[in-house]
């Protein structure tokens, strides 16, 4: 069963995504900000990360930069964001993000992208 780290500060969205991922047979580890997620990833190996962009403490771009320093072989990352700024998206892709999906998220597309990144697609 693939393990996914879900980093999202919106508790309701985090809970909804966690439930949906568990229905799809993913094991889900959650964090409410990038710093918490980074700490958990150093302890628990995950097959993919689902990352919100705008969060307190450590945002998605800061997380990506820290992830590259923290792990020699980081898992693939999917960013979920309501923000649409091409320069930010360019920075995210340069930092190693594999997919950027806009909120509100099309769940079927999200699940398809995640399946491909975790070897299930």
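Taking the range 75-121, how much of its Cα-Cα pair set, in percent, is spaced more than 11 angstrom apart?
Distances greater than 11 Å cover 67 percent of the Cα pairs.
From Cα pairs below 8 angstrom and at least 6 apart in sequence, can you work out the relative contact order of the chain, rounded to a whole percent?
22
Work out, step by step, the length gained on full extension between residue 90 and residue 72: first 0.36 nm times the residue separation, then minus their alpha carbon distance; give nm to one decimal.
Full extension of this stretch gives 4.3 nm more.
FYI, it's all coordinate maths here, none of it is from the lab. Being a predicted model, the structure only gives us computed values, none of them experimental.
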